[in-house]
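Laboratory data are not the source of any read-out in this text; all were calculated from the coordinates shown. From a predicted model like this one, the values you see are computed outputs, not experimental measurements. With ideal geometry, Cβ positions are generated from the backbone for all residues, glycine too; neighbour counts draw on all protein chains shown.
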Ligand SMILES: Cc1cc2nc3c(=O)[nH]c(=O)nc-3n(C[C@H](O)[C@H](O)[C@H](O)COP(=O)(O)OP(=O)(O)OC[C@H]3O[C@@H](n4cnc5c(N)ncnc54)[C@H](O)[C@@H]3O)c2cc1C
């Protein structure tokens, strides 16, 4: 069996995104550059108090960069170990991981693309969209939609950042949709799959990337298949 290198990384900053969600920034130790492709994940390893080795996958939420920094977008899972261990870390503490792994990455040739996420499924799209929009050679004027489903307004992670990106790039459209938005919410309402018809409909020249829990991923795939989409147009990552 292939042996993968284990890296150590130091927490630079841990910032709450909502009551149960954190953004953590890490510096990979001993490297000047940490190579990965936007959309990939790392396998975090730790020992539980019972002396059991545990590994869990976490998408990299930051774009590839010239330094050895990576970020995670983490949700606390009730009765889970790793998610709470990571959310409880403070600046200066260290973790061990292997990777990068995964092929949830942008498929060439690049096309107009809809990115669909709920919860921390937004992580790989934050990486992809920052990478794409940083350079016209990368995005080549294609249209991108980020359709992000949340329950309440306070659960729209990275809201200001994506609104700023949308203001700076006419080809990027940030579309949060709330299933339980209050009366003051003027944006989209309901579940992500309810908006696909008006955003992309039956277009055959477009890609969809879906990331989050299995129920949402299945509902979106069914919806796109019903529009007549070919399965090659749909790329997905399931977190559970
Ligand atoms: C490729 C990949 C990338 C991932 N990226 C991220 C990421 O960027 N951020 C992130 O927060 N998580 C991500 N996950 C989920 C993560 O790997 C763990 O499954 C999650 O953190 C729970 O681990 P745990 O040890 O705390 O709980 P566990 O002990 O593994 O699970 C406890 C219970 O919660 C359920 N459960 C598992 N995962 C979730 C979840 N995500 N939400 C709700 N319930 C769940 C399980 O079915 C189980 O019943 C990713 C998973 C995969 C496969």
Tensor-based shape of the range 1-89 (alpha-carbon gyration tensor, a/c under 1.5 rounded, otherwise prolate or oblate): oblate
Estimated [θ] at 222 nm from DSSP helical runs (n ≥ 4, -39500 (n - 2.57)) normalised by residues in the chain, nearest 500: -5500 deg cm²/dmol
Residue 65/residue 110 FRET efficiency (R0 22 Å; Cβ-Cβ; nearest 0.05): 0.65
Antiparallel bridges, percent of DSSP beta bridges restricted to the range 112-238 (to nearest 5): 0 percent
Over the range 11-151 - Rg/Rh using Cα atoms and the Kirkwood inverse-distance radius: 0.98
Point-to-point label distance, residue 77-residue 152, nm (Cα→Cβ direction, 7 Å offset): 2.4 nm
Rough spin-label spacing in nm, given labels placed 7 Å along Cα→Cβ, for residue 160 and residue 232: 4.4 nm
Alpha-carbon centroids, the range 13-64 and the range 104-122: separation in whole Å: 20 Å
Computed lengthening from residue 31 to residue 91, 0.36 nm per intervening residue step minus Cα-Cα distance: 19.7 nm
Relative contact order of the chain, pairs being alpha-carbon contacts under 8 Å that are 6 or more residues apart, as %: 18 percent
Rounded to 5, the percent of DSSP beta bridges in the chain classed as antiparallel: 55 percent
Whether the range 88-240 is rounded, prolate or oblate, judged on the alpha carbon gyration tensor where a/c under 1.5 counts as rounded: rounded
Between helix 123-133 and the chain: long-axis angle, C-alpha atoms, 0 to 90°, nearest 10: 70 degrees
Computed over the range 6-101: relative contact order in percent, which uses C-alpha pairs under 8 Å that are six or more apart: 39 percent
Relative exposure of 135, 112, judged by other C-beta atoms within 10 Å (fewest first): 135, 112
Residue-span extension gain [residue 140 to residue 45] - 0.36 nm each, minus C-alpha spacing: 30.4 nm
Nearest 10 degrees, 0 to 90: helix 159-168 Cα axis against the chain principal axis: 50 degrees
Mean separation of Cα contacts under 8 Å (6+ apart) over length of the range 109-240, as relative contact order %: 28 percent
Residues 127, 71, 198, 179, sorted so that the one with the fewest Cβ neighbours within 10 Å comes first: 198, 179, 71, 127
Proxy reagent accessibility, fewest Cβ within 10 Å first, across 87, 73: 87, 73
Between helix 214-226 and the chain: long-axis angle, C-alpha atoms, 0 to 90°, nearest 10: 30 degrees
Förster radius 35 Å - calculated FRET efficiency between residue 203 and residue 98 (Cβ-Cβ, nearest 0.05): 0.35
